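First the structure, in the form of structure tokens, and then the observations on it.
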Amino acid sequence: MPSNETGNRTITSISYRKKKKQYEVTFGLEKVVLSEDRFTDYYLYVGKEVPAFTFHQLEREANEEKLYQYAVKLAIGGSRSSYEVWQKINAKAQVGQNPKEIYAHLKKNGLLDDASYAEDYAEMKSAQGYGKERILYELQEIKRVDPAILEKLEFPDEETKAKEYAVTIAPHFARFPLSKKKEKAYQALLRRGFSPTLARAAIADYQEDKESTSRSLERDFTTLYARYARQYQNYELHKHLFDGLLRKGYKMEAIQERWEEEQCKQSKI
């Protein structure tokens, strides 16, 4: 109850809400509801006289309880870095709530641990076949984890993972000539997060499917020849056609051979 002289409050009762894991602290006609964590931050008992400043602090924390419980769920979920938790708390905070204080409370209670989070994240992404460079980029630039933490992470079997991924994506590039197949696979490995050295080693054993490449050359030659023949003749047709097919990765010898076949065909028409 309030004291007429000091403005202090006296605790008249304390009850525990088991289902919600909250404490209801009553001061006569006034009351505040606190989480277990917040309640244990104060030494509260029936009959204790609480200074006005502390009472108003309890009121403010009670007002923030919903936001705090939201913050705790984010933190213990383990799927977000400290930075991401802070971003969500700050975005959800309403007028009169203090997200910085809630964030500090989470840290004080050990609910935010970027070192453990980074290890779990790296392990999960590695298991999904991602390389070290992409994982570190995401942790530092997106998750905003301290670089000092990232320096301690380990990435075993990077070479094996790169080769396994190269084998997985090889069928997607089967119709391309070997040089183009390697180029596309190399870029895919870089995007996946493997270093240039590992990417080159992973595609070193790629072989060309000559039958598939021959079919692709026939298809691309026919398409480009029909397109350029409508606009160019002789040298210009030859130049644009060859340039287009070389960009696709076909060998000069194969293109030249197909060109000569086409010229023979055209001369008989």
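If you model region 158-202 as an ellipsoid using its alpha carbon gyration tensor, with each semi-axis the square root of five times an eigenvalue, the axes come out at 17, 10, 8 Å, biggest first.
Where does helix 210-229 land angle-wise versus the long Cα axis of the chain, in degrees 0 to 90, nearest 10? Orientation of helix 210-229: about 80 degrees from the principal axis.
What pairs in LYS20/LYS152; LYS21/LYS88; LYS20/LYS92 have C-alpha atoms more than 28 Å from each other? Result: LYS20/LYS152 exceed 28 Å. A dipole drawn for the chain from +1 and -1 charges on Cβ atoms has a positive end, and of ALA115, ASN90, GLN22 the residue lying farthest that way is ASN90.
For the chain, the longest principal axis of the Cα atoms and the long axis of helix 252-268 meet at an angle of about 50 degrees.
In degrees, nearest 10, range 0 to 90: what is the angle between the Cα axis of helix 82-92 and the longest Cα principal axis of the chain? With both axes taken from Cα atoms, the answer is about 70 degrees. How much FRET efficiency would the formula 1/(1 + (r/R0)^6) give for ALA127 and LYS66, where r is the Cβ-Cβ distance and R0 is 30 Å, rounded to 0.05? FRET efficiency, ALA127 to LYS66: 0.25. Listing VAL167, VAL32, VAL95, VAL50 from fewest to most neighbouring C-beta atoms within 10 Å gives VAL95, VAL167, VAL50, VAL32. For region 1-130, a simple Cβ point-charge model (Lys and Arg +1, Asp and Glu -1, everything else neutral) yields a dipole of about 420 debye relative to the Cα centre.
Here the extension length gained between GLU164 and ARG247 equals 27.1 nm, from 0.36 nm per residue of separation less the Cα-Cα distance. Note on ARG230, ARG9, ARG200: ascending count of other Cβ atoms within 10 Å places them as ARG230, ARG200, ARG9, the fewest first.
Summing Cβ point charges (Lys, Arg +1; Asp, Glu -1) relative to the Cα centre of the chain gives a dipole of roughly 920 debye. Suppose R0 equals 51 Å; then what is the FRET efficiency for GLU59 and ARG215 from their Cβ-Cβ distance, rounded to the nearest 0.05? The value I calculate is 0.10. Taking every DSSP helix (H) stretch of at least 4 residues in the chain, weighting each as -39,500 (n - 2.57) and dividing the sum by the residue count yields a mean residue ellipticity at 222 nm of -18000 deg cm²/dmol. Taking the charge dipole of region 158-202 about its Cα centre, with +1 at Lys and Arg Cβ atoms and -1 at Asp and Glu Cβ atoms, the residue from VAL167, LEU198, PRO177 reaching farthest to the positive side is PRO177. Largest first and in whole Å, the equivalent-ellipsoid semi-axes of region 64-112 read 16, 11, 9, each the square root of five times a Cα gyration tensor eigenvalue.
Taking other C-beta atoms within 10 angstrom as a stand-in for reagent exposure, LYS107, LYS125, LYS152 fall in the order LYS152, LYS107, LYS125, fewest first.
Simple point charges give the picture: +1 on the Cβ of Lys and Arg, -1 on the Cβ of Asp and Glu, and for region 121-188 a dipole about the Cα centre of about 520 debye.
Bear in mind these aren't lab numbers, they're just calculated from the coordinates by the rules spelled out. This structure is a prediction, so every number in the text was calculated from the model and none was measured. We place every Cβ from the backbone using ideal geometry, glycine too, and count neighbours over all the protein chains shown.
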